[in-house]
Amino acid sequence: MLRLIPVLPFLGFLVNASFGRRISRRAAGAVASAVMLASLVVALVAAGNLVGLPNPGRALVEPAFSWISSGDFSVNATLRLDPLSAVMILVVTGIGSLIHIYSTAYMDKETDSEYARYFSYLNLFAAFMLVLVLGSNFLVMFVGWEGVGLCSYLLVGFWYQKESASDAGKKAFIVNRIGDFGFLLGVLLAYVRFSTLDFQDLARSASALSPETSFGTLSLITLLLFVGAAGKSAQIPLHVWLPDAMEGPTPVSALIHAATMVTAGVYLIGRNAVLFSHAPITLTIVAAIGVATALLAATIGLVQNDIKRVLAYSTVSQLGYMFLAMGVGAYAAGIFHLYTHAFFKALLFLGSGAVIHALGGEQDLRRMGGLRRELPIAYSTFLVGAMAIAGVPGLAGFFSKDEVLFQTYAGGHTLLWIVGLVTSLLTAIYMFRLVFLAFHGARGEEPGAAHHPSHLHDAPPAMALALIVLALGSIVAGYAGLPRALGGSNRFERFLEPSFIVSQETRRAAGLQGDLEEAETATASLEVGLMAVSTLVAAGGIGLAFFFFLRNPRAADDMVNRFAGLHRVLANKYYVDEIYDVTVVQPIRIVSEDGLWRGIDVRAIDGTVNMVGETVVGSSEILRRLQAGSVRVSAASLFLGVVLILGYYLWR
Amino acid sequence: MPPGITFGDFYNILPELVLTAGSLVVLIADVLLPRRSGGWLAWITLIVIGATLASLVPFRETRVEVANGLIAVDQFALFFKVVFLGAAALTVLMSVRYLEIEGASPGEYYFLILCATLGMMIMAGGIDLITIFIGLETMAVSFYILAGFIKPNQRSNEAAVKYFLLGAFSLGILLYGMSLMYGLSGTTNLRVMAMTFAGQESDPRLILAVMLVAAGVGFKIAAVPFHMWAPDVYEGAPTPITAFLSVGSTAASFAMLLRIFLEGLPSMKPEWRVLFEGLAIVTMTVGNLAALTQSNLKRMLAYSSIAHAGYVLIGVVAGTPRGVAAMLIYVLVYAFMQLGAFIVIVLMRRQDIVGDELKDFSGLHVRHPFAAFAMLMFMLSLGGIPPTAGFMGKFWLFGAAIDAGYVWLAVIGVLNSAISLYYYIRIVVFMYVKKETAGSEPTMSPALGIALAVAVIATIALGVYPRLLFELAEASARTLGAAAITTAIR
């Protein structure tokens, strides 16, 4: 049954890819959405079956076929559903279905064949993402890992009329190469060390070891895997591609670049929690990178003027929170945040999509304002999303972010906690800056606003449906993990714990907090206290945003003028792109174009043939050119090769 | 009949005889059939290839040495022969339309393809330096002519002359090495030679011979720094010939390499291992880095094929049966994906457009969804993405390296595959993301369609269900060297 979950979207892909041009657009959208909903139903049933199994060790395993086998080594294409992957498939199919439905209305301006092409890619993406989270070993995961990357390029570049769209694809591409370096090397080393690629076997083998207090093989393996995770999940210094990927259609940003693909890195760490727990050095690095990413991305988000870019930096920042949780060993808390984030970030992206759709493609915040009257559905749902991410008590983001911060604090990482808290202040500010600039105030404050059609249309039914469902989700999703301190039993995390099973001794030896339950009951009052602090911070952030961007916009300008230098640094995203350009891009270009191109690729013909024209036949011409160079150069290189080899043997 | 050669020997080389006779039939048919009947000639050629394949069937289990140890008939050779014949068949299928578009009369084209194939088969079976040399030259001379087959095209001419000159130069080096081997052992039979050389590992003359032979073979597989000819020849030669050259000739040269080094020079393993280790690293890295900046697809595939030769060399370094099996797998898998990519390039060829520039592929998925999809599969496979065949090939090569204790070599291989994905996926981005270019409808013909379908299906099937191939390759690899029967000890 498990295999149906990825196969259904794949069938949708096949239908739309093969017959997309021949069936009506309504049918194309319906097929794509229907397969996702069907996949969601199967996922729900599977998750239900899973819950019915005795805990702990509950898992559904479904060997699809024996893929590679030779002598002592074999890899099976096996799917495995455990609590962790159950959460993931529900997020992917659930949020995915809504985004497919939303897209049927959002993409309505495309031609028929483009429309079908869009949905075929979207289905294919979902299929690969489901393979990624259901695979029981690294090889199956790798199929999904590369597959989602490919679909991401295709969808980011979907509007190829935009030059920036294909450039963005390129950047995503190179950064992900670096991530894949890490991922593949990590997998390779894991295989060399443990002779298996199966997650369960790896965890078993690692459990037998004691945590590495100094940098050893496990630390290296996990660090390499983290490089892969950082590439996929846009963590510093590999975060540069995600904001640019916003060139793609907005529902794509919501699905791939907020709710699912970019969380694959977090999932990768969660999936290998046992390995990571045995490498405390790597965990420290993960936590540090995570919190740094959260803070820096949030500061950049403060000053961006493109509505989607603000959300993109917000995503990077929230992913940083998840990595912080992973890094302090609070795996379940990290996945909890991943799950609530999927709701409210998808909601925010789709809400911004509704605005962009209504304004005919306008994305600049300075040309928006006062939209709340014309777009009531978009406004109200967006507001829910903003409150959820800002940490307003009672909404999804509050519970999950607080859980992350609480676990960080309880684990003794006070400094990380403080940075996390500052970030959550910034989060509230930038998010409500967005709300106030786009939906409140008056329109026409900036030149260009006059372009807006006088009559704006609010989200059409398909879009409204997705927005409302996600808004409801953003309100209630957090209650699945209601902490003990508030009278809940933290069922979400308790459900997940078996996926990260690490013995108590290991946790202590690795410097991680001991048992969750024990920690929670002992510190219930602490948790409530921290929650109060968070609530104050969220309220303060919203208040500051209110003051600067609605009540007294001049004050914001004053601040910009007073801190002009800082503002410039933030507006230029800490000049990371420029630094990369000078230190990496240019040197590589020089080496590969001037060095390799002239040194290795001696091409005799280049301009000459084009000038002479291919129709000119003359042996003298050939002879002339043969004498002029390339053959002699080639022969010389051949000879040089022999000399080099000879030299080696003489010299050694 | 020369002493020691019996009729049984002739029976054992039946496939070669069938191919020889068949190639003569094609040559005569070319004269008899009316002009402009290239299509017919191609189908006759395919029948000859089919007949040769069929004549291999009785030799599935055979392991003998023929004619006093000139040729071995074993599963190792059999595996390669199937690869050669398959590659030749696909080449013929893609040639029909290509020759029509170029306006070239087929003439001896198909005959020469069969001759080259015959040469390859002899190279794979040869366990005697003389036999190997004859096979090599039969193949090489055919390719010299084929590379310059499009006579009005200057680049094609230039490619031929260049290939010929450099080929002759490298052959000199190879022959020098072979003559040293003969001089030191007093025999040309590789298996007898191996026994003679045991215990002489430190003889500097033998080391010199190893190096020279390695350099000569290095030229044939386009290993860096002996690769300079490849990009120009690949770009200039007619596209189907480029495809056949990069697949067939390279595979045959690897067969020759394994015969000479594993059968003839096993005692020198520590020496040539280091050598090939260095060559593998340099070849992979330079090939991939140079491919990054290419905008011409044939040239890009030339560098990519250099890089792939580097990957395959990893199997030689491992030098274990598992390494050899991985090489066999890779050579087969590579044949399908590389030929497939060239088939798509041929599809793009039109009177007005050469079709091998990157920009020609812009928006191909709109103009020809199947061609774009096929190309996507080939690129993913060349880049080593599961579940395609190319991933399986790399998986085994790197696995064999790790098994033999060469973890670093595997690491470099993995890094290289990650780099290579950049330029492979770039083509995918052009096909699926860039705006379509107007007015270059790809041309499809039944022959091209069959060839393309075969290549795509194989590329996917061997990735999803690789077991059978593994078992065959492992069994074939085991017949090389180690347990070989030596009938003649002179």
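The values are calculated or read from the model by the stated rules, or taken from the named source; none is laboratory data. Not measured: the values here are computed from a predicted model. Note: ideal-geometry Cβ built from the backbone for every residue, glycine included; neighbour counts use all protein chains shown. The protein model used for the area step is the full one, side chains on, heavy atoms only, and it has no ligands, DNA or RNA in it. Shrake-Rupley method; radii C 1.70, N 1.55, O 1.52, S 1.80 Å.
Taking amide H as placed 1.01 Å from N in the peptide plane, the amide H of B:G126 sits under 5 Å from that of B:A72, each at least 5 places away or on another chain.
Residues with beta-carbon under 13 Å from that of A:D108, excluding A:D108: net charge, scoring Lys, Arg +1 and Asp, Glu -1? Intermediate results must be reported in sequence, preceding the final value.
Numbers: positive: A:R25, A:R26, A:K109; negative: A:E110, A:D112, A:E114.
Net local charge, A:D108 excluded: 0.
Inter-part distance, segment B:150-180 to segment A:545-571, computed on C-alpha centroids, equals 71 Å.
Checking the a/c ratio against 1.5 first, then a/b against b/c, what shape does the Cα gyration tensor give for segment A:307-386? Prolate. Solvent-accessible area of A:D201, all protein chains in place: 60 Å² (probe radius 1.4 Å, heavy atoms, ligands and nucleic acids excluded).
Start at zero, step by 5 Å, and the Cα-Cα distances of segment A:69-153 spread as 3, 14, 19, 20, 16, 11, 8, 5, 2, 1, 1, 0 percent across the bins. Would you work out if segment A:1-136 is rounded, prolate or oblate? Take a ≥ b ≥ c from the square roots of the eigenvalues of the alpha-carbon gyration tensor; rounded if a/c is under 1.5, else prolate when a/b is larger than b/c, oblate otherwise. Judged from the Cα gyration tensor, segment A:1-136 comes out oblate (a/c at least 1.5, b/c at or above a/b). The radius of gyration of the Cα set in segment B:295-453, together with its Dmax, comes out at 16.7, 54 angstrom.
If you take the C-alpha gyration tensor of the protein assembly as shown, multiply each eigenvalue by 5 and take the square root, what semi-axes do you get, largest first, in whole Å? All intermediate terms of the calculation are to be shown ahead of the outcome.
Values: eigenvalues 673, 218, 137 Å².
Working through the eigenvalues yields semi-axes of 58, 33, 26 Å.
Our Cα-only numbers for chain A put the radius of gyration and Dmax at 26.8, 93 Å. Measuring between alpha carbons in the structure, the pairs from A:K171/A:K401; A:K308/A:K573; B:K151/B:K298 lying more than 22 angstrom apart are A:K171/A:K401. Tally Lys and Arg at +1 and Asp and Glu at -1 over the other residues with C-beta under 14 Å from the C-beta of A:G231: what net charge comes out? Result for the local shell: +1. Distance from the Cα centroid of segment A:474-499 to that of segment B:449-472 is 48 Å (rounded to whole angstrom).
For segment B:73-131, just say rounded, prolate or oblate: build the C-alpha gyration tensor, square-root its eigenvalues into a ≥ b ≥ c, call rounded for a/c under 1.5, and beyond that prolate if a/b exceeds b/c, oblate if not.
Values: a/c = 5.29, a/b = 2.21, b/c = 2.39.
Since a/c reaches 1.5 but b/c is at least a/b, the shape of segment B:73-131 is classed as oblate.
Could you work out how far helix B:269-292 tilts from the main Cα principal axis of chain B, as a 0 to 90 degree angle to the nearest 10? It is inclined by approximately 10 degrees.
Could you tell me the ratio Rg/Rh of segment A:335-438? Both radii from Cα atoms, Rh via Kirkwood. Please list the in-between numbers first.
Values: Rg = 15.4 Å, Rh = 14.6 Å.
Here Rg/Rh amounts to 1.05.
When segment B:7-489 is described by a simple charge dipole with +1 on each Lys and Arg Cβ and -1 on each Asp and Glu Cβ, the residue from B:N153, B:A67, B:M375 located farthest towards its positive end is B:M375. Averaged over the residues of B:226-235, the number of partner chain Cβ atoms lying within 10 Å of the residue Cβ comes to 5.
Computed from Cα atoms, the angle from the helix B:467-478 axis to the main principal axis of chain B rounds to 30 degrees.
Each residue of segment B:316-322 is assigned a 3J(HN,Hα), and the resulting list reads 5, 4, 4, x, 8, x, 5 Hz, derived from the Karplus form 6.51 cos²θ - 1.76 cosθ + 1.60 (θ = phi - 60°), x at Gly and Pro. Every pair of different Cα atoms in segment B:26-117 enters the Kirkwood calculation, which places the hydrodynamic radius at 14.5 Å.
Taken over chain B, the ratio of Cα radius of gyration to 2.2 N^0.38 Å equals 0.92. Separation of segment B:182-261 from segment B:304-356 is 18 Å, based on Cα centroids. Taking the longest Cα principal axis of chain B as reference, the axis of helix B:109-125 is set at about 30 degrees.
Our helix-only sum for the protein assembly as shown, with -39,500 (n - 2.57) per DSSP H run of n ≥ 4 divided by its residues, gives a mean residue ellipticity at 222 nm of -23000 deg cm²/dmol.
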